[in-house]
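> One structure coming up, written as structure tokens, with questions to follow.
The values are calculated or read from the model by the stated rules, or taken from the named source; none is laboratory data. The structure presented is a predicted model; accordingly, all values stated were derived computationally and were not measured. Cβ: placed from backbone, ideal geometry, glycine included. Neighbour counts: every protein chain shown. The accessibility values were calculated without ligands, DNA or RNA, using every heavy atom of the protein model including side chains. Shrake-Rupley method; radii C 1.70, N 1.55, O 1.52, S 1.80 Å.
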Amino acid sequence: MSTIRYKAPDYFLADELLTDEHKLIRGTIRDWVNRSVMPIIDEANQKHEFPRHLVKELGEIGAFGPYIPVEYGGSGLDQISYGLIMQELERGDSGIRSIASVQSSLVMYPIFKYGTEEQRRKYLPKLATGEMIGAFGLTEPNHGSDPGRMLSKFSDHGDHYLLNGAKMWITNAPICDIGVVWAKDEAGVIRGLIVERGMEGFTTPETLQKWSLRSSSTGEMVFADVKVPKANLLQGVKGLKGPLSCLSSARYGIAWGVIGAAMDCYDTALQYSKERKQFNKPIAAFQLTQKKLAEMVTEITKAQLLTWRLGMLRNEDRATPAQISMAKRNNVKMALDIARESRQVLGAMGITGDFPVMRHMMNLESVITYEGTHDIHLLITGFDITGESAFE
Ligand code: TGC
Ligand code: FAD
């Protein structure tokens with residue numbers, strides 16, 4: 001239903017803030033989602049299967065590394081374009097947006113920003129086309145919100161490093177060709193290493209039976225005396241700010257992405273409420289339904305304007321990590337609330353795969369946790385406005 005008749009809400013005419021190029025990019029991704037994602041995504045989720053055939057197509061439509069320069073295989077686009085691409089992908093499914101987020105912001109971005117020229121030339125073009133899939137290993141079994149306390153470590157052995165440790169909850173891990181992995185050196189400083197599939201001692205067991213992000217492949221990364229060539233060290237950054245700067249880019253993309261999921265849920269609920277009759281009138285005529293729908297479109301509108309402004313600040317390199325945290329936190333909660341309300345508007349139909357709302361709702365339960373939980377982002381804002389850290 002939402003595929004054919006989808007009408008994106010634009011209550012404050014935010015489209016007028018976009019260039020023709022932005023609208024063209026958005027239209028291209030929206031068409032691709034209608035054509036390639038919508039017909040298969042419910043089944044992929046029901047079966048808990050990663051639709052691998054979409055990876056090459058995502059490369060073809062420019063969803064990997066949109067803002068990476070063209071000479072490295074990216075599209076050299078601005079941050080609003082990146083946001084719109086994430087929005088349209090997540091209108092399809094958060095799992096599809098996840099693949100693109102990780103590939104673009106968590107793998108291509110650190111290699112571009114902190115890698116050597118040789119690393120850029122070796123990996124970026126293949127990541128841009130989807131010939132290679134990347135993963136980002138920061139979270140560990142015992143260190144999620146506090147990655148600075150990670151235990152993974154590596155030591156210097158002449159021409160290579162020896163890497164030991166384990167990462168958990170890693171998007172794309174079971175299917176990745178390379179991983180950007182964060183671990184401590186002998187001095188306890190966090191550094192980034194590019195670990196390649198096939199290196200002895202590197203395994204990626206899959207995390208099964210998730211009730212959320214079922215179209216996305218999640219797993220562990222286990223390192224048992226993995227020999228990593230010295231050429232695979234990301235030389236351009238030291239410390240936790242390395243991975244956190246990548247998260248800034250990915251969290252920004254999520255702030256846009258979840259608007260897509262929210263718009264899909266709102267549009268589905270709006271259409272359904274006009275057609276479904278109870279007590280001899282459309283349920284859209286009841287005040288309680290109108291309250292739900294009116295609040296949904298209000299929150300979507302606020303989120304659209306917030307992310308547009310954030311994108312403009314990022315284009316000027318003026319967006320702060322705390323501003324990005326606020327947008328990620330606000331928009332994910334907004335989308336989750338809208339998914340839950342939409343599901344109620346659909347009554348029993350809302351729990352079926354005939355409509356996308358329950359799938360979005362379950363996906364968003366991961367999105368509100370990954371890339372920093374809802375409460376961690378609140379504490380980042382708290383720190384920013386008071387100067388007092390709640391983490392120490
Ligand atoms: P703290 O002392 O505050 O910061 C350490 C250094 O980092 C700098 N920094 C940042 N730099 C760039 N971007 C940011 N967003 C930054 N945030 C902080 C900071 O200035 C400092 O620099 P320096 O030069 O002084 O060393 O660190 P802390 O240990 O107190 O931790 C703070 C905290 C809790 C905010 C942080 O660790 C955090 O964000 N925790 C949440 C962890 C998280 O988000 N993990 C995400 C894992 S990846 C993932 O979920 C991918 S899902 C992908 C998908 O499928 O879509
Ligand atoms: P914990 O840190 O154990 O937190 C548990 C609860 O305690 C939360 O509610 C949290 O808010 C709260 N809490 C923790 N500290 C504080 C505090 N100081 N004050 C108040 N409350 C606090 N990670 C990667 O590195 N790469 C990936 O690709 C990746 N993909 C993911 C995909 C999925 C589907 C999921 C679910 C997770 C993924 N993650 C990934 C991990 C994700 O980033 C972490 O789950 C997240 O950072 C939270 O860590 P945790 O789950 O260990 O929760």
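> Per 0.36 nm of contour for each residue apart, how much would the distance between E275 and N164 grow if the chain were fully extended, relative to their Cα-Cα spacing? Intermediate values should be presented prior to the final figure.
On the way: separation 111, 0.36 × 111 = 39.96 nm, distance 5.80 nm.
So the extension gain works out to 34.2 nm.
> In addition: Could you compute the net charge surrounding R91? Neighbours are other residues with a C-beta less than 11 Å from the C-beta of R91; K and R count +1, D and E count -1. The partial results should precede the final answer.
Numbers: positive: R26, R30, R97; negative: E88, E90, D93, D264, D267.
It works out to a net charge of -2.
> Can you work out the accessible area per residue across segment 3-129, with the rest of the protein chains kept in place, probe 1.4 Å, in square angstrom? Intermediate values should be presented prior to the final figure.
Working: 5310 Å² over 127 residues.
Value returned for segment 3-129: 42 Å² of accessible area per residue.
> Mark the label point 7 Å from the Cα of K291 along Cα→Cβ and return the residues of segment 327-351 whose backbone N is within less than 20 Å of it.
334-348
> How large is Rg over Rh for segment 54-144, taking Rg from the Cα atoms and Rh as the Kirkwood inverse mean of 1/r across Cα pairs?
Values: Rg = 12.9 Å, Rh = 13.2 Å.
Expressed as Rg/Rh, it is 0.98.
> What percentage of all Cα-Cα pairs in segment 3-129 are separated by more than 25 Å?
On the way: 2203 of 8001 pairs.
The proportion of pairs with Cα distances above 25 Å equals 28 percent.
> Related question: Among 324-333, 36-45, what's the highest-first ranking by average C-beta atoms within 10 angstrom per residue? Present the calculation step by step, with values, prior to reporting the outcome.
On the way: 324-333: 24.3, 36-45: 18.2.
Ranking, from highest mean packing down: 324-333, 36-45.
> Please list 55-64, 335-344 highest first by mean number of surrounding beta-carbon atoms within 10 Å per residue. Spell out each step's value before the answer.
Values: 55-64: 20.2, 335-344: 23.1.
In decreasing order of mean packing, 55-64, 335-344 become 335-344, 55-64.
> What is the distance, in nm, between label points placed 7 Å from the Cα along the Cα-to-Cβ direction at S145 and at K56?
Using points 7 Å along Cα→Cβ, the separation is 4.4 nm.
> Still on this model: Taking only the alpha-carbon positions of segment 134-234 and ignoring solvent, what does the Debye formula give for the base-10 log of I(q)/I(0) at q = 0.24 Å⁻¹?
Those come out to -1.30, one per q.
> Same structure, new question: Taking only protein heavy atoms and a 1.4 Å probe, what accessible area per residue, in Å², does segment 242-386 have with all protein chains in place? Don't skip to the end; give the middle numbers.
Working: 6210 Å² over 145 residues.
Each residue of segment 242-386 exposes 43 Å² on average to a 1.4 Å probe.
> What are the chymotrypsin sites (Phe, Trp or Tyr not before Pro) within segment 148-231 that DSSP puts in a loop, where the Cβ has at most 13 other Cβ atoms within 10 Å?
Of the chymotrypsin sites (Phe, Trp or Tyr not before Pro), the ones in loops of segment 148-231 whose Cβ has at most 13 other Cβ atoms within 10 Å are W211.
> Can you pull a Stokes-Einstein diffusion coefficient for segment 242-386 at 4 °C (1.567 mPa s), Rh from Kirkwood over Cα pairs, as a whole number of µm²/s?
Details: Rh = 16.0 Å.
Estimated diffusion coefficient is 81 µm²/s.
> Between D384 and T298, how high is the FRET efficiency from 1/(1 + (r/R0)^6) when r is the Cβ-Cβ distance and R₀ = 22 Å? Nearest 0.05. Don't jump to the answer; show the numbers that get you there.
Working: r = 26 Å, r/R0 = 1.17.
Working from the Cβ atoms, E equals 0.30.
> What is the ratio of the Cα radius of gyration of the chain to 2.2 N^0.38 Å, with N the residue count, to two decimals? Kindly include the intermediate steps, with their values, before the conclusion.
Details: Rg = 21.0 Å, N = 392, 2.2 N^0.38 = 21.3 Å.
Dividing the Cα radius of gyration by 2.2 N^0.38 Å gives 0.98.
> Moving to a separate point now. Taking the Cβ of L364 as the centre, find all other residues whose Cβ is under 14 Å away and add up their charges (Lys, Arg: +1; Asp, Glu: -1). List each step's numbers first, then the result.
Values: positive: R91, R97, K210, R214, K328, R329, K333, R340, R343, R359; negative: E90, D93, D264, E299, D337, E341, E365, E371.
In short, +2.
> For the pair E200 and L17, what calculated FRET efficiency results from E = 1/(1 + (r/R0)^6), where r is the Cβ-Cβ distance and R0 = 51 Å, to the nearest 0.05?
0.45
> Per the Cauchy relation, a quarter of the hull surface: what is the mean projected area of the convex hull of the alpha carbons in segment 41-83, in nm²?
Details: hull surface 14.7 nm².
Convex hull of Cα atoms, orientation-averaged projection: 3.7 nm².
> Taking every pair of Cα atoms in segment 88-189, average 1/r, invert it to obtain the Kirkwood radius, and report Rg/Rh to two decimals.
Across segment 88-189, the Cα-based Rg/Rh ratio is 1.00.
> A 25 angstrom limit on the alpha carbon distance is what I want to check against. Which of K113/K153; K113/K333; K23/K292; K210/K302; K153/K328 exceed it? Spell out each step's value before the answer.
Numbers: K113/K153 22 Å; K113/K333 31 Å; K23/K292 29 Å; K210/K302 31 Å; K153/K328 30 Å.
Violating the 25 Å Cα-Cα cut-off are K113/K333; K23/K292; K210/K302; K153/K328.
> Kindly express, to the nearest 10 degrees and within the range 0 to 90, the angle between helix 287-315's C-alpha long axis and the longest C-alpha principal axis of the chain.
40 degrees
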